[in-house]
Each structure stands twice: as structure tokens, then as C-alpha cells.
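Visitor: I'd like to ask you about the structure that follows.
The values are calculated or read from the model by the stated rules, or taken from the named source; none is laboratory data. Values in this document were obtained by computation on a predicted structure and should not be read as measured data. Virtual Cβ from ideal backbone geometry, glycine too; neighbours counted across all protein chains shown.
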Ligand code: HEM
């Protein structure tokens with residue numbers, strides 16, 4: 001694990017994250033020769049966020065990198081630059097634009113002719129219609145109404161874990177099923193299909209351990225599945241999001257396939273990684289167990305979706321004094337922004353007492369995560385119930401032996417062996 005320093009200290013503890021700054025004269029001033037760095041795919045043995053993010057933040061302008069396919073891409077790492085990228089109208093989320101930075105041929109943002117309705121890959125005004133139709137499903141009020149059902153789901157998982165013995169893999173038995181079951185129930189996806197969509201998603205988001213062919217085939221499987229599900233809901237509507245969207249009519253049934261696929265994928269894998277990493281952090285910082293503020297700080301601290309927000313400049317644009325030419329890709333690294341020491345004091349210290357709400361773990365601007373209210377409730381209920389019902393929970397492997405996901409778009413754990 002990466003961050004193990006004591007919490008709430010105003011003098012930052014020594015940390016593997018602290019690396020010497022290289023060019024601190026005026027980070028926002030234009031860079032004559034931008035630093036060219038490796039694309040930040042995670043590497044075994046390198047903590048996350050990688051210590052060199054601090055070095056990039058201290059450089060002038062932006063850092064230049066190359067995607068695995070050789071295309072140039074700019075990396076934004078300071079908090080203000082990440083927010084500037086994510087709110088600039090000359091910068092697009094649409095993969096149709098020349099130069100859009102997908103991380104691999106089939107990893108990134110699909111085009112509309114591949115998956116219609118994949119609205120995270122649209123700009124205003126097309127994007128607004130989807131967002132407007134979906135917002136009512138994810139308001140604080142709606143999510144609060146889901147809380148009793150979420151509590152029942154969490155309790156059932158814990159009943160099963162406790163009945164099975166005194167050890168568990170907290171990823172497979174807890175962190176993954178909870179968001180999977182919650183999103184299934186919201187969308188009207190049968191709980192029995194969990195294995196199917198989890199396994200396909202796992203392949204889709206893995207960068208190194210799956211081939212292009214395997215990813216293409218997983219994507220096709222999921223698309224076929226959601227198309228079938230929509231046809232079923234058209235015939236036999238239920239009390240679920242898909243049926244409500246069909247009745248509303250703002251989104252055409254063929255576009256609903258992308259909406260549904262996006263929600264299904266985004267709705268479980270991200271949250272599962274955050275729940276699992278948060279449990280490890282709470283086990284190593286037990287003074288914060290039972291304090292709901294840990295949820296927000298966990299989101300900032302781990303920033304699992306570092307490589308998720310992909311963008312391309314559609315006109316020449318300047319960010320941090322750096323000219324980005326039309327057709328050049330930009331990746332705002334949210335983990336780097338969330339560990340920016342100019343915004344978060346002692347950013348590598350896990351400190352739920354800080355005010356972390358302005359973190360960008362959910363992105364920023366018009367594409368900011370639609371599921372964030374739901375995530376907060378899921379995490380709150382998961383941590384509360386887990387530590388209330390199993391107060392003697394502990395890791396069943398040394399902390400350095402945890403299986404960290406180095407091969408995925410998302411940061412997380414493959415498994416989390418625990419005992420009680
Ligand atoms: C800890 C869990 C989660 C994290 C860290 C996370 C992170 C993110 C990020 C960074 C974005 C912005 C992408 C961009 O700028 O291109 C995003 C967008 C999105 N997320 Fe999440 N997400 C999480 C959970 C969820 C859940 C549970 C759902 C669904 C219920 C969801 C649905 C979405 C959707 C639909 C978008 C696209 C919004 C738009 O384009 O308007 N996410 N998420």
C-alpha cells in the first residue's frame with residue numbers, strides 16, 4: 001500500500017511521495033521546452049499516485065507525454081489546471097475529433113456508431129439532453145430513498161460472509177457485489193446476471209491483461225445484453241430506471257443501449273475499488289472508523305479514476321500558459337490534482353477532518369460523475385456496517401502483499417484477504 005502516515009498532523013510526515021521539486025520558479029509560466037514523460041500507466045512497485053506527479057506539478061506549463069499508440073498527449077496535474085481543462089469549451093470529450101487520446105484501441109471512449117448514447121463522449125448541446133433526462137434519478141433525495149435497500153444489501157452480504165467462516169476476500173465478497181447489486185436493482189438488471197456483466201467489465205477496463213480481441217468481444221457481449229434488456233423492458237416495463245427512461249421518451253431506445261452500458265460499467269467497478277481501498281485505509285487508520293467524513297477523504301486520497309477523463313483540443317487553447325494545438329489530446333490526471341499540496345495541506349496524509357469536498361475524484365464540469373450521491377451513500381453504509389458488525393476485522397496478508405491492479409484503467413485491488 002502507498003499511504004500509511006499518521007492522520008491529522010500539520011507537519012507532513014515523511015513520505016515516499018515526497019520528491020524534490022525541479023523547477024519551482026513560476027509553475028504557471030509558459031514552458032519553452034516542456035518535460036516529456038512516460039505515459040502514467042501504473043507500474044508494479046511504484047506507489048499511487050506516483051511520486052513523480054509532484055515533480056510534474058512543479059514544472060512550468062503542462063507535461064508532454066505519448067500514448068501507447070505513439071500519439072502526443074498533454075498531462076495536466078495541478079488542481080487548477082485540471083479544472084481549467086475540464087471546463088474549457090475549446091476542449092472536447094468527443095472521440096470523433098482527430099487526436100482524441102484513447103489509452104488503447106479499445107480502451108477509452110467509444111464512438112457513437114460503436115455504442116450509440118455513450119454520452120460521456122458527447123459535448124454540449126448533445127450531451128445536455130442525456131444529462132437532463134438522468135439527473136432526476138441521482139438526486140440526493142432519490143438516493144436517500146434508496147438507502148434502506150442499500151442497507152439491506154450490505155447486511156445480507158455480511159450475513160453470508162459471517163456464516164461462511166472467519167475469513168473472506170473483501171473484494172469478491174463485499175466491495176464488488178454491493179455496487180453491482182445496487183446498480184442492477186436501479187437499472188432493472190436481474191441480480192443473477194451480475195457475474196456476466198462484472199466479468200465483461202473486468203476485461204474492458206484492463207489495459208495489459210486482455211487482448212484487443214478479448215476487449216472487443218467483451219464490449220459486444222455487453223452491448224448485445226443491454227439491447228436485449230431494453231427490448232424486454234419495452235414489452236414488460238417495471239419499476240426501474242430503464243423503464244422510466246423509455247416512458248419519458250427523451251432518449252431513443254437505440255441510444256438507451258449506450259446509456260445503460262455506461263451506467264452499468266461506471267456504476268460498479270469504480271465504487272468497488274474505492275470501497276476496498278477505503279477499508280484498507282480505515283484498518284491502518286482505525287481512529288477514523290465510524291466517522292462518515294472518511295468517505296470524502298477516501299475518494300480524494302485514492303482517486304481511482306485517474307485515467308478516465310480523456311479530452312482533445314478542438315481549437316488552439318492555452319492552459320497554464322501552455323499552447324495546446326487543435327487536435328492534441330489532453331489527460332487531466334485527477335489523482336495528481338487531488339494530491340496538489342497547494343490545495344490540500346499534507347495531501348499524502350489521510351485526514352478526514354480536512355474539507356475535501358473540492359476534490360476532483362468525480363471529475364469536474366459538465367461531465368462530473370452522475371453517480372456521486374449514490375457512491376457516497378454506498379460507501380457510508382458499507383463502512384459503517386462492516387466495522388459495526390465485524391469490529392475485530394483485520395488484514396489476512398501483509399499490507400505490502402495486497403494485489404494492486406496495475407493493469408487497469410482504474411486503480412484498485414484484485415483481492416482483499418481479511419479475517420476476524
Ligand atoms: C467511486 C466511484 C466513482 C468514481 C471515482 C467515478 C468517477 C467519475 C469521473 C472521474 C467521471 C468524469 C468522466 C469525464 O470527465 O470524462 C465520471 C462520470 C460519470 N460517472 Fe462516475 N464515478 C464513480 C461511480 C459512478 C457510479 C456509481 C455511477 C452510476 C450510478 C457513475 C456514473 C457516471 C456517469 C454516467 C458519468 C458520465 C457523466 C456525464 O458525462 O455527464 N459513476 N465518473
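Visitor: Is it the case that residue 221 is modelled with pLDDT of 95 or more, in contact with a helix residue (DSSP H, G or I) (Cβ under 9 Å, 6 or more places away or on another chain) and surrounded by fewer than 21 Cβ atoms within 10 Å (Cβ to Cβ)?
Guide: No, not satisfied.
Visitor: Ok, one more. Criterion first (more than 23 Å from residue 309 (Cβ to Cβ), within 14 Å of the ligand (Cβ to nearest atom) and surrounded by 14 or more Cβ atoms within 10 Å (Cβ to Cβ)) does residue 134 satisfy it?
Guide: no
Visitor: Restricting to region 106-149, count the residues that are within 30 Å of residue 385 (Cβ to Cβ) and touching a helix residue (DSSP H, G or I) at 6+ places or on another chain (Cβ under 8 Å).
Guide: Of the residues in region 106-149, 12 are within 30 Å of residue 385 (Cβ to Cβ) and touching a helix residue (DSSP H, G or I) at 6+ places or on another chain (Cβ under 8 Å).
Visitor: Now a separate question. Answer yes or no: is there a residue in region 76-94 that is closer than 23 Å to residue 219 by Cα, modelled with pLDDT under 95, surrounded by 20 or more Cβ atoms within 10 Å (Cβ to Cβ) and within 11 Å of the ligand (Cβ to nearest atom).
Guide: Within region 76-94, not a single residue is closer than 23 Å to residue 219 by Cα, modelled with pLDDT under 95, surrounded by 20 or more Cβ atoms within 10 Å (Cβ to Cβ) and within 11 Å of the ligand (Cβ to nearest atom).
Visitor: Working carefully through the options 109, 103, find the one that is within 9 Å of the ligand (Cβ to nearest atom), under 26 Å from residue 215 (Cα atoms) and modelled with pLDDT under 95.
Guide: Just a single option satisfies the conditions, and that option is 109.
Visitor: Would you kindly identify the helices (runs of 4 or more DSSP H) lying entirely within region 78-169 that contain at least 3 residues that are more than 30 Å from residue 64 (Cα to Cα)?
Guide: 126-134, 140-164
Visitor: Look at region 282-315 and say how many of its residues are touching a helix residue (DSSP H, G or I) at 6+ places or on another chain (Cβ under 6 Å), more than 16 Å from residue 86 (Cβ to Cβ) and within 15 Å of the ligand (Cβ to nearest atom).
Guide: Number satisfying all stated conditions: 5.
Visitor: Six or more apart or on different chains, Cβ under 9 Å: which pairs go from a residue in region 369-391 that's closer than 20 Å to residue 135 by Cα and within 10 Å of the ligand (Cβ to nearest atom) to one that's outside any helix (DSSP H, G or I) and at pLDDT below 95? Could you list them?
Guide: As it stands, the answer is 369/305, since those pairs meet every condition given.
Visitor: Which residue is surrounded by the most Cβ atoms within 10 Å (Cβ to Cβ), if the candidates are limited to region 316-341 and must be more than 23 Å from the chain's Cα centre (by Cα) and either part of a loop (DSSP other than H, G, I, E, B) or within 16 Å of the ligand (Cβ to nearest atom) (or both)?
Guide: 319
Visitor: Pairs under 9 Å by beta carbon, first residue free of Cβ contacts under 8 Å to residues at least 40 places away in the same chain in region 280-307, partner more than 10 Å from the ligand (Cβ to nearest atom), six or more apart or different chains?
Guide: Between residues of region 280-307 that are free of Cβ contacts under 8 Å to residues at least 40 places away in the same chain and residues that are more than 10 Å from the ligand (Cβ to nearest atom), the close pairs are 286/387.
Visitor: With respect to residue 46, determine if the residue is surrounded by fewer than 20 Cβ atoms within 10 Å (Cβ to Cβ), under 27 Å from residue 404 (Cβ atoms) and either without any contact (Cβ under 8 Å) to a residue 24 or more places away in the chain or more than 15 Å from the ligand (Cβ to nearest atom) (or both).
Guide: Yes.
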